[in-house]
């Protein structure tokens, strides 16, 4: 048999289909279209859900940044109220000691609040200068302490958990000049 005759027989087989096959093909096609529509619908729902999730996550993050310190400020306002009461206190020579005690209590209350939220004071007086914790504002020659030791703290350093949030401002000891 020639190649042309083989090919023509093949084409005739493809053209002549059994009567039930065409209906089966249409049925399969309809089922596949139905599945495609189902998957497309599921995809669109999932995409919409994800878009809503992203919007909610952005809104929650924005709210956290905006109102995250609310608890700290609420407690800080209590301390501010105590300061106002102390400032409105009538100062007389006989009550100056109790006024001083009141301010000391307010200071302790503020430090307790800071500690509760993870803010701690770093030791500075009498320790070696650390550029990661301190800013040197000057030096002073002295032979009372080792050179490089902090002899005066102008502003105390603080850290929030494990990060320095405010370096201390200090004066550092140097060797006195020999004449």
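The numbers here are math on the coordinates, done by the rules we state, and not lab data. Just so it is clear, the model here is predicted, and its values are computed rather than measured. Cβ placement follows ideal geometry from the backbone for every residue including glycine, while neighbour counts extend to all protein chains displayed.
Can you name every residue in segment 131-167 that is under 25 Å from residue 110 (Cβ atoms) and over 24 Å from the mean Cα position of the chain (by Cα)?
Filtering segment 131-167 down to residues under 25 Å from residue 110 (Cβ atoms) leaves 133-135, 137, 150, 152-167.
Correct list: 134, 135, 137, 150, 152, 153, 154, 155, 156.
Quick check on segment 128-151. Is at least one of its residues within 25 Å of residue 86 (Cβ to Cβ) and surrounded by 13 or more Cβ atoms within 10 Å (Cβ to Cβ)?
Let us first name the residues in segment 128-151 that are within 25 Å of residue 86 (Cβ to Cβ), namely none.
Taking every residue of segment 128-151 in turn, none turns out to be within 25 Å of residue 86 (Cβ to Cβ) and surrounded by 13 or more Cβ atoms within 10 Å (Cβ to Cβ).
Somewhere in segment 116-125, is a residue assigned to a helix (DSSP H, G or I) and surrounded by 10 or more Cβ atoms within 10 Å (Cβ to Cβ)?
Looking only at segment 116-125, we keep the residues that are assigned to a helix (DSSP H, G or I), and these are 116.
Filter once more, so that each one left must be surrounded by 10 or more Cβ atoms within 10 Å (Cβ to Cβ): 116.
There is at least one residue in segment 116-125 that is assigned to a helix (DSSP H, G or I) and surrounded by 10 or more Cβ atoms within 10 Å (Cβ to Cβ).
Taking segment 85-110, which residues are under 14 Å from residue 75 (Cα atoms) and surrounded by 13 or more Cβ atoms within 10 Å (Cβ to Cβ)?
Matches in segment 85-110: 106, 109, 110.
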